[in-house]
Protein chains: 2
Amino acid sequence: MISFSPLQIHRLKYQPQLPLLLQDLSVIAANFEKSICLSDSALQEQFPQTFQQPIITFRRGNKKEATPLKVGVVLSGGQAPGGHNVIAGLFDALKQIHPESILLGFLDGPLGILKNTSIELTKMVIDSYRNQGGFDMIGSGRTKIETPAQLEAAMLTVQTLALDGLVIIGGDDSNTNAAILAEYFKQVGVKTSVIGVPKTIDGDLKNEFIDISFGFDTASKIYAECIGNILKDALSAKKYYHFIKLMGRSASHLALECALLTHPNLVFISEEVAEKKQTLQEIVGQITTMICKRAEKNLHYGVILIPEGLIESISEIGALIQKLNELLFSHSEKIEGLLITEEKDNYIISQLTSNEAKTFLALPKEVRDQLLLERDSHGNVQVSKIETERLLIKLVEKELKRLKQEGIYKGTFSPQPQFCGYEGRSGLPSNFDCQYCYALGFVATLLVQSGVTGYMSCLKKLSEPIERWSPMGVPIYRMLQIEKRQGKQKSVIRKFLVDLQGPFFKQYASVRDQWQITDDYRSPGPIQFEGPKNLTEVKPLSLLL
Amino acid sequence: MISFSPLQIHRLKYQPQLPLLLQDLSVIAANFEKSICLSDSALQEQFPQTFQQPIITFRRGNKKEATPLKVGVVLSGGQAPGGHNVIAGLFDALKQIHPESILLGFLDGPLGILKNTSIELTKMVIDSYRNQGGFDMIGSGRTKIETPAQLEAAMLTVQTLALDGLVIIGGDDSNTNAAILAEYFKQVGVKTSVIGVPKTIDGDLKNEFIDISFGFDTASKIYAECIGNILKDALSAKKYYHFIKLMGRSASHLALECALLTHPNLVFISEEVAEKKQTLQEIVGQITTMICKRAEKNLHYGVILIPEGLIESISEIGALIQKLNELLFSHSEKIEGLLITEEKDNYIISQLTSNEAKTFLALPKEVRDQLLLERDSHGNVQVSKIETERLLIKLVEKELKRLKQEGIYKGTFSPQPQFCGYEGRSGLPSNFDCQYCYALGFVATLLVQSGVTGYMSCLKKLSEPIERWSPMGVPIYRMLQIEKRQGKQKSVIRKFLVDLQGPFFKQYASVRDQWQITDDYRSPGPIQFEGPKNLTEVKPLSLLL
């Protein structure tokens, strides 16, 4: 990056506030809390070295002598605003501990660890990325480190570089990887601490130890700005139905947060659709019922939010995708050998049950193609490539035509598809994300200094004022469970889904019927960095409830 | 609108600064400048009553007694940030002139004038829309007032309401309408002043009297925020080519402004494509050539800006669209009678020359459908419905496949389409648009008070500090020329297009080759309302050059 906008330059100088405990690292001491032995024997087998580690908290202790540390950091997976601040926090904390500490950045994600390609992150580098969006300081990637050869390559790298710590900034999969790598290092006697940092705009990396993942706050505010503007436009033009797809694959936290920030007419929450086992026909029916109700009041416009994971949560489509995931995995050679789309289609159909085939063939051709596209490296359908908003528009148009012929619907329907996606992943981080990430970098450094491994850098009490945020180290193992992926049993971090019994969903559920008919649109506007605190120091709603 | 976000509430209290001359309306006096007789006889014939009116400037005069005024205001056409502030300016100026002045708002655009549906805009109404985005205070619409029956209905309304003034906030077409209405009122002896206000996010309503139309600043900044974020994301993920379509039908000002704010890899300027008579094949070639050059440097990502009007400016497509415009107009009954798409297609093709038919058939089916969709009320193809970004992706994919087979291209191509559209029209207006619009409302009020008609409210010297902005009234007639539309000669306001010889385009032209290869990405970030002036009081670049 060569050019900076005035706002980027201004943000370079922003100094994030730190929790009280992190303000003087020379007097901080670690508490090793009483360890709890978990009962899952399958997990214990996989993590014999690290399964019984204690939670770590911090307190003020005596002034101590410190030695320089050498730490490597890697960004893994999709961008999330604040990643650069985790690295800045690491750097500042390392230098505070000892001026001769060194921070290396592995290039282009975990691949940089395997290939041992890194750069030293000097003050000059760090200072040009403070409080900036993107992951472009060192790049990111989706390579996993899990095969024996990969684990060995990683070991060689950290040994060659004589790293005290390896900090992996990533989502649930990457942090699971961190736990596996930590266990492996322990087994082979490598002393490098492996520390994870919870990143994902989706908000599904959340549990009793993680209040929220970083990036969610900024991304939800960027999407809410766009949705709020579109709501205003819909209300002014009075002629379009906007179908807005939002990022959020497994969980609909972004859709729910944005909904409560903006009050659109209809919002789908994938978790609810899955729980109610709703079919595609029912989803379409929900939309057309609302459109008919509004048409009776002479309202021929509206805004509908669609989480990108909705498609998978629809009963019959979810089952189909899972079947396709398995088929494409187990029959991959055969399928890749078929070059003509029709042959591929026919072969796939021959492997489906008649119900599955019916579902598959009822989808428009483009959507079928999207379902058969290349998987990501975790073997998942690339849900973001499925244009659910356009699929729904087609089906709604068809249904409205039918309802018009029957005399039930008398309106005009002008749909507009929209995708709130990539622009939310790399925006300038909000003050909250700047501060949270900076502190996460400090905590990660302290964990490396403590010599522990397989831990996640955490901060609890995020809903309280920053001074009181509570730094912690939590064994990643504590967040794991066994899941079936690509036909294999795998340990993964439990994804946090929208809790349909929780207060946040209930708040939404209590107003949504009203939103369908009475426009209660709200426009949050662009993220503000300066000005009154009620505009600049705003935490995610889902954190506060 | 029932709900307000904290930022919306904060903005309600923002007090726009006024140019010095407008700060005390009790001592302002109008100068009627020497009138210039223009030579276009066809125009003179259409505007016998108003063609010789002088430009009006303002100066400090003696304190004067004023009588209450009754004014109606209407929003016409697409939303542009700042519209509510024009109305707030009208209201405050009217009340300053005389507390008993009354402001009425016509509902849902010019249709509200024809149907005489209006509401009184009281302080309470105005105070809930100050500095807010959207046109939802009174709605907007695209009805034109031009037939004898419509002109008469408008006359009846302003007479019934005994309006001293009718303020039409709109783009080039709406302001042309304002001139026609003013001429008609003069001819029939109606004394209501008709005053236009220059609105359009496209930036093409600009001439020696209009420095810039309102809304352009905010819209370009909202789009630039999104583009800047996507650039950061492209640079971080290093795997996507983003094809971003931007609003801007006739002119590419938005694309050019955003380009200079963000520095993407490739930007099409419709005016240049038209001047060079570039074909679709050449456009695709420009893109694939860049992709191949970048692939050689192992860069498989990038960002391309596409103004929505590009499709029309491509030589053979533009000719085709014009032909279709004429065909659909002159054969409308026949074509509307054909219900089956194929029959419609075949009939259209039978009316085209063989070259036109070839061009038409070379387009993907979806694009052909989009070209035959309903026109807008001005008889134009609804260019925003043509998904040029997706058309280009398809054609680029095809061409890259060919280049790959020939061994010329060795990269991977993952395209992502994006449309920066509706969210830019109704965002919270920037401080610049808030101030500019508020002052435009004041000037419009002064013109009504002066008793003139067929004028545009203007402010010159916008690039200077606000105190020195120079209020003016300019006869709309002075901006008109004769153009052929739907086969008829019509008087219209000259559209301001990107000047390919001007300094602004030249600045871009001097760096664009560099941008193709060296990523010089710049992220302007979200619009800021508070903080240092270099972040909050930022004028459009195209105004400053």
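Could you check, for segment B:56-79, whether at least one of its residues is more than 14 Å from chain A (Cβ to nearest Cβ), free of Cβ contacts under 8 Å to residues at least 24 places away in the same chain and more than 30 Å from residue B:464 (Cβ to Cβ)? Break it down stepwise before answering.
Initial filter on segment B:56-79 (more than 14 Å from chain A (Cβ to nearest Cβ)): B:56-73.
Going one step further and asking which of them are free of Cβ contacts under 8 Å to residues at least 24 places away in the same chain, we end up with B:65.
Keeping just the survivors that are more than 30 Å from residue B:464 (Cβ to Cβ) gives B:65.
Looking through segment B:56-79, at least one residue is more than 14 Å from chain A (Cβ to nearest Cβ), free of Cβ contacts under 8 Å to residues at least 24 places away in the same chain and more than 30 Å from residue B:464 (Cβ to Cβ).
Residues that are out of contact with any Gly (no Cβ under 7 Å at 6 or more places or on another chain) and under 30 Å from residue A:410 (Cα atoms): list the helices (runs of 4 or more DSSP H) wholly contained in segment A:301-358 that include at least 1 such residues. Write out each step before concluding.
Details: elements: A:310-313, A:315-330, A:332-337, A:341-351.
So the answer is A:310-313.
Would you mind stating whether residue B:443 is assigned by the TED database to the domain that holds residue B:48, closer than 26 Å to residue B:144 by Cα, among the hydrophobic types (A, V, I, L, M, F, W, C) and touching a Pro at 6+ places or on another chain (Cβ under 7 Å)?
Details: assigned by the TED database to the domain that holds residue B:48: yes; closer than 26 Å to residue B:144 by Cα: yes; among the hydrophobic types (A, V, I, L, M, F, W, C): yes; touching a Pro at 6+ places or on another chain (Cβ under 7 Å): yes.
Considered against the rule, which asks whether it is assigned by the TED database to the domain that holds residue B:48, closer than 26 Å to residue B:144 by Cα, among the hydrophobic types (A, V, I, L, M, F, W, C) and touching a Pro at 6+ places or on another chain (Cβ under 7 Å), residue B:443 comes out as yes.
Just give me the residues in segment B:260-271 being away from every other protein chain (no Cβ under 12 Å) and within 22 Å of the chain's Cα centre (by Cα), in sequence order.
In the first step, residues of segment B:260-271 are kept if they are away from every other protein chain (no Cβ under 12 Å); the result is B:265-271.
Once the filter is applied, which keeps residues that are away from every other protein chain (no Cβ under 12 Å) and within 22 Å of the chain's Cα centre (by Cα), segment B:260-271 yields B:267, B:268, B:269, B:270, B:271.
Looking at segment B:509-524, which of the residues that are under 21 Å from residue B:498 (Cα atoms) and charged (D, E, K, R) is surrounded by the fewest Cβ atoms within 10 Å (Cβ to Cβ)?
B:513
Among the listed residues A:541, A:497, which satisfies the condition of being in contact with an Asp or Glu (Cβ under 7 Å, 6 or more places away or on another chain), in contact (Cβ under 8 Å) with a residue 40 or more places away in the chain and within 14 Å of another protein chain (Cβ to nearest Cβ)?
Details: A:497 fails: within 14 Å of another protein chain (Cβ to nearest Cβ).
None of the other options fit; the residue is A:541.
Which residues, taken from segment A:43-88, are modelled with pLDDT under 95 and either out of contact with any helix residue (DSSP H, G or I) (no Cβ under 8 Å at 6 or more places or on another chain) or acidic (Asp, Glu) (or both)?
A:44, A:45, A:52, A:54, A:65
Considering segment A:222-259 alone, what residues qualify as being more than 9 Å from chain B (Cβ to nearest Cβ) and either within 14 Å of residue A:526 (Cα to Cα) or among the aromatic types (Phe, Trp, Tyr) (or both)?
Hits for segment A:222-259 are A:223, A:241, A:243, A:258.
Anything in segment B:222-280 that is among the β-branched types (Val, Ile, Thr) and either assigned by the TED database to the domain that holds residue B:316 or not in a helix (DSSP H, G or I) (or both)? List them, or say none.
Of the residues in segment B:222-280, the ones among the β-branched types (Val, Ile, Thr) are B:222, B:227, B:230, B:244, B:262, B:267, B:269, B:273, B:279.
Matches in segment B:222-280: B:244, B:267, B:269, B:279.
Among the listed residues B:310, B:328, B:280, identify the single one that is in contact (Cβ under 8 Å) with a residue 12 or more places away in the chain and more than 30 Å from residue B:403 (Cβ to Cβ).
On the way: B:310 fails: more than 30 Å from residue B:403 (Cβ to Cβ); B:280 fails: more than 30 Å from residue B:403 (Cβ to Cβ).
Matching residue, one of B:310, B:328, B:280: B:328.
Quick test of your reading of the structure: residue A:527 fulfils all but one of (1) surrounded by 21 or more Cβ atoms within 10 Å (Cβ to Cβ); (2) more than 14 Å from every other protein chain (Cβ to nearest Cβ); (3) at pLDDT 95 or above. Name the failing condition by number.
Condition (2) is where residue A:527 drops out.
Just to check your reading of the model, which residue among A:535, A:545, A:541 is more than 23 Å from the chain's Cα centre (by Cα), within 24 Å of residue A:211 (Cβ to Cβ) and hydrophobic (A, V, I, L, M, F, W, C)?
Working: A:545 fails: more than 23 Å from the chain's Cα centre (by Cα); A:541 fails: more than 23 Å from the chain's Cα centre (by Cα).
Of the residues listed, the single one that is more than 23 Å from the chain's Cα centre (by Cα), within 24 Å of residue A:211 (Cβ to Cβ) and hydrophobic (A, V, I, L, M, F, W, C) is A:535.
Going residue by residue through segment A:433-442, is there one that turns out to be within 14 Å of chain B (Cβ to nearest Cβ) and under 19 Å from the mean Cα position of the chain (by Cα)? Talk me through it step by step, then tell me what you get.
So in segment A:433-442, the residues within 14 Å of chain B (Cβ to nearest Cβ) come out as A:433-434.
Subset that is under 19 Å from the mean Cα position of the chain (by Cα): A:433-434.
Scanning segment A:433-442, I find at least one residue that is within 14 Å of chain B (Cβ to nearest Cβ) and under 19 Å from the mean Cα position of the chain (by Cα), so the answer is yes.
Could you grab me the full set of residues in segment B:211-221 that are in a loop (DSSP other than H, G, I, E, B) and within 16 Å of residue B:429 (Cβ to Cβ)?
First, pick out the residues of segment B:211-221 that are in a loop (DSSP other than H, G, I, E, B): B:211-213, B:215.
Passing the criteria: B:212, B:213, B:215.
Return the residues of segment B:431-478 that are touching a helix residue (DSSP H, G or I) at 6+ places or on another chain (Cβ under 9 Å) and in a strand (DSSP E or B); say none if nothing qualifies.
B:455, B:456, B:457, B:458, B:459, B:470, B:471, B:472, B:473, B:475
Which condition from (1) in contact (Cβ under 8 Å) with a residue 24 or more places away in the chain; (2) within 21 Å of residue B:128 (Cβ to Cβ); (3) buried (at least 16 other Cβ atoms within 10 Å of the Cβ); (4) not charged (D, E, K, R) is the one that residue B:5 breaks?
The single condition residue B:5 does not satisfy is (1).
Please enumerate the residues belonging to segment A:1-32 that are out of contact with any strand residue (DSSP E or B) (no Cβ under 7 Å at 6 or more places or on another chain), away from chain B (no Cβ under 14 Å) and either of a type in the set (Lys, Arg) or outside any helix (DSSP H, G or I) (or both). Walk me through how you get there before you give the answer.
Residues of segment A:1-32 out of contact with any strand residue (DSSP E or B) (no Cβ under 7 Å at 6 or more places or on another chain): A:1-18, A:20, A:23-26.
Still in the running and away from chain B (no Cβ under 14 Å): A:15-18, A:20, A:23-26.
A:15, A:16, A:17, A:18, A:24 - these are the residues of segment A:1-32 that are out of contact with any strand residue (DSSP E or B) (no Cβ under 7 Å at 6 or more places or on another chain), away from chain B (no Cβ under 14 Å) and either of a type in the set (Lys, Arg) or outside any helix (DSSP H, G or I) (or both).
The values are calculated or read from the model by the stated rules, or taken from the named source; none is laboratory data. Computed from a predicted model, the values in this text were never measured in an experiment. All Cβ positions, even for glycine, are placed from backbone atoms using ideal geometry, and neighbour counts span all protein chains on display.
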